[in-house]
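The values are calculated or read from the model by the stated rules, or taken from the named source; none is laboratory data. All figures in this text were calculated on a predicted structure; none of them were measured in a lab. Cβ coordinates were reconstructed from backbone atoms using ideal geometry, including for glycine residues, and neighbour counts include every protein chain displayed.
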Amino acid sequence: MDKYKVTGMSCAACQARVEKAVCKLDGIDEVNVNLLTNSMTVEGNVDSKDVIKAVKDAGYGAKLINEKSSSSDENNLDSYQLETKKLKNRLLSSVGFLLVLMYFSMGHTMFHFKIPKVFANNPAAIGILQMLLASIIMIINRNFFINGFKGILHMSPNMDTLVALGSSASYVYSIAVLIQIIMKQSSDMHGAHKLIHDFYFESAAMILTLITIGKMLESISKGKTTNALKGLMNLAPKTALVIRDNKEVSVPIKDVKVDDIFIVKAGDAIPVDGLILEGFASLDESALTGESIPVDKTVDSTVYSGTTNTSGFIKCKATNVGKDTTLSKIIQMVSDASSSKAPIAKIADKVSAIFVPCVIIIAIITFIVWSFAGYSVSFSLSRAISVLVISCPCALGLATPVAIMVGSGVGAKHGILFKNATSLEQMGHTNIVALDKTGTITNGTPVVTDIIECLVSKDELIKYAYSIESYSEHPLAHAICDYANNNNIAKNELTDFITEVGNGLSAKDGDNDIHAGKQKYVEAFAPISDDIKNRIKDLSAEGKTPLFFSLNNKLLGVILVADTIKEDSAKAINTLKNLNLECVMITGDNEETAKAIAAKSNIDKVISGVLPTGKEEHIKELKNKYKNIAMVGDGINDAPALTSADTGIAIGAGTDIAIDAADVVLMKNSLLDVAKAIILSRKTLTNIKENLFWAFIYNIIGIPLAAGVYYPAFGLKLNPMFGAAAMSLSSFCVVTNALRLNLLNLDKEVHKY
């Protein structure tokens, strides 16, 4: 996928024109043009030179964005500030001249303000002054005319075309009136004075100024939509303290290489991803995960770029640098999501493609109808100009991307990353959530849950168990070893260790024979009472796995190990249910263990005994029966299922393969974030629908009003200046509505369900 920067676009009509031009190229699979970010993504087998040429032939500019350049996103965000500054300068200059123009036009004619004697009885002089002032304002805002008429020449009229036509029509008509005044002034001064009221110079200038106000407000609002992305970029440190030639040297972040050794002191930010070699520290990872509590890190722990060392001192080895760091990948993911297009935008795209030509035709028809109805040229022209300047294709073009950008940013703040706009929209349509068990519902690490001692004390049983299990690499053995270490229980050194694959272990402690493993294996060496068997049966029904231990043909005891459920899994699943979602657990565990976990986590439907390769098949079966299936997983074996689901969700950052296969990445290891992601998606979808409703209803009501449809019956007519004001505020309203998503507190929202 190639990404391009597109210049010269002013509205949704431009966006549609660029997409149409590039889609005509051979080898194109998909094209997405984003009006908000002025970017374009192209998928397919096509030369970038051909893409750029197609865009230029359509009347716009384009250049390929180098994804390896770390400054591309920063430059894109800086362009908002630069654009706002230019618009402010334009606006201030325009307002200065407009105030003088309004004084000599409306101020003099309507409110009888005093004017210099040279103009008092000279309507031609007043007209010439108004023409000069309007001309200056038009020159200041010449971009409207350059882009607008260029659009006509390329057969791709846009919003600037509507503004340019409206302002030009007012200006040209006023010049025609001025010529009449000059011709009449010598013979009919009274008639010349009456014609002053037909000047539209102030409308020509006011239209441009009001649209510039709207553009500036829109630019400021657009800048605010990128606050989350800016915040992520600001996290990236500019320098790193590395060890070179046994000395601590501060180097630019771009000079840090993989395997470099770097130092992070208290209060400093982690420069790149790395592995701790020495030291201990508490790291604030809230910027990446949304988790406010610092995380303790020690030797062999992973650290991430952009996180902050709140206390301690660590020496680390760089593992990922530049674009490969976790922070850079998050920034890229949020940027890509903001630049992509959601399916819901297709409606607006279809309308935008024909919007401007239709408005121009409506304006021409309006002028002709009112003229044939016997109204004056001034009245008819005013209605036509009002139609041109009130119509707003921008609101249609911005309705979806602004909400997507803000929604993606809000998600990033909470450690929820949507790979593209489609996944952000699709997440909200989810009906069924399929959940992997290990590492998703459970912690993924077995722990000791129960200890049943028979021959010796509890500590003695753990000592013997630790001694023999320390030779094993099985995850259940690790649980016993961890328990012993945490309780400061030492082990004996054993001899003659033997592994009976699939059954158990045997070894010697001096002259003593020790056996460990499954019930059937140990029972061959030591009898097990019915009482113990019954207790074990009940505990096994709870999803716990028993490990039996014997010493010299006598049962030492039983230790039960289980993969425990995460603290918030049950609450998260209840929340998903309250969101009207059905939850299904898919696991490779046996039916008894699976049902025990399902009961504790409040899951109603369980698919157990599934081989790693079989999860994908079960997802496909669910898709055949139901719509909008989301799959949540964290491991390599979940990748095929994540890909097959309508929405794949990688939880707890997962493995690299799971992340690549997923559509949504949850940085925290919490199922509650699945509910948060769905809530955010639904809120974003609602916001998009509100924006589209406003954009459509504004034009549906505004255009007939401007055309004078309601004038014969109700006497309602619209001054072109009010039309321009309405147009200037329409896009601003859409962007401002999208910014309301920033007020969304997902932590509070999720507790409502």
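Observations on the model:
- Candidates Lys230, Lys215, Lys222 - the one that is surrounded by 24 or more Cβ atoms within 10 Å (Cβ to Cβ) and within 27 Å of Ile416 (Cβ to Cβ): Lys222
- The set of residues in the stretch 474-523 that are touching a residue at least 24 places away in the same chain (Cβ under 8 Å) and β-branched (Val, Ile, Thr) comprises Ile480, Ile489, Thr499, Ile514, Val522.
- Qualifying residue in the stretch 228-243 (condition: assigned to a helix (DSSP H, G or I), modelled with pLDDT of 85 or more and more than 30 Å from Val410 (Cα to Cα)): no
- Subset of the stretch 287-324 [of a type in the set (D, E, K, R) and either surrounded by fewer than 21 Cβ atoms within 10 Å (Cβ to Cβ) or touching a residue at least 24 places away in the same chain (Cβ under 8 Å) (or both)]: Glu291, Asp296, Asp300, Lys315, Lys317, Lys323, Asp324
- Qualifying position, being under 33 Å from the mean Cα position of the chain (by Cα) and either part of a helix (DSSP H, G or I) or at pLDDT 90 or above (or both), among Val410, Val387, Val369: Val410
- The criterion of at least 1 residues that are of a type in the set (Gly, Ala, Ser) and within 54 Å of the chain's Cα centre (by Cα) is met, among strands (runs of 3 or more DSSP E) falling completely within the stretch 507-592, by 512-517, 554-565.
- Filter result for Gly543 (at pLDDT below 90 and buried (at least 21 other Cβ atoms within 10 Å of the Cβ)): yes
- Scanning the stretch 149-164 for residues that are surrounded by fewer than 24 Cβ atoms within 10 Å (Cβ to Cβ) and either among the hydrophobic types (A, V, I, L, M, F, W, C) or part of a helix (DSSP H, G or I) (or both) yields Phe149, Lys150, Ile152, Leu153, Met155.
- Residue count, the stretch 250-264 (criterion: farther than 17 Å from Ile276 by Cβ, loosely packed, with under 14 Cβ neighbours inside 10 Å and at pLDDT 90 or above): 4
- Unmet requirement for Glu460, which otherwise passes all of (1) at pLDDT below 90; (2) farther than 22 Å from Arg682 by Cβ; (3) surrounded by fewer than 24 Cβ atoms within 10 Å (Cβ to Cβ): (1)
- The set of residues in the stretch 439-497 being basic (Lys, Arg) and either part of a helix (DSSP H, G or I) or not assigned by TED's automatic domain parsing to the domain that holds Pro527 (or both) consists of Lys458, Lys463.
- Meets criteria (outside the structural domain of Leu35 (by TED's automatic domain parsing), part of a helix (DSSP H, G or I) and at pLDDT below 90) for Gly96: no
- Looking across Leu208, Leu178, one residue alone is part of a helix (DSSP H, G or I) and closer than 13 Å to Leu388 by Cβ. It is Leu208.
- All positions within the stretch 329-348 that are modelled with pLDDT under 75, touching a helix residue (DSSP H, G or I) at 6+ places or on another chain (Cβ under 8 Å) and part of a helix (DSSP H, G or I): Ser338
- Within the stretch 261-307, the set of residues being β-branched (Val, Ile, Thr) and out of contact with any helix residue (DSSP H, G or I) (no Cβ under 8 Å at 6 or more places or on another chain) comprises Ile261, Ile263, Val264, Ile270, Ile276, Thr289, Ile293, Val295, Thr298, Val299, Thr302, Val303.
- Search result, residues across the stretch 419-438 that are among the small types (Gly, Ala, Ser), within 17 Å of Ser644 (Cα to Cα) and in a helix (DSSP H, G or I): Ser423
- Residue count for the stretch 482-504 satisfying the condition of being among the aliphatic types (A, V, I, L, M), surrounded by 13 or more Cβ atoms within 10 Å (Cβ to Cβ) and under 52 Å from the mean Cα position of the chain (by Cα): 2.
- Cys394 vs. criteria free of Cβ contacts under 8 Å to residues at least 24 places away in the same chain, in a helix (DSSP H, G or I), outside the structural domain of Ala58 (by TED's automatic domain parsing) and of a type in the set (A, V, I, L, M, F, W, C): no
- Per the listing Val410, Val359, the residue uniquely more than 28 Å from Lys224 (Cα to Cα), out of contact with any Phe, Trp or Tyr (no Cβ under 7 Å at 6 or more places or on another chain) and aliphatic (A, V, I, L, M) is Val359.
- So Ile536, is it out of contact with any Leu (no Cβ under 6 Å at 6 or more places or on another chain), closer than 21 Å to Pro446 by Cα and among the β-branched types (Val, Ile, Thr): yes
- All positions within the stretch 136-194 that are among the acidic types (Asp, Glu) and more than 23 Å from Lys53 (Cα to Cα): Asp188
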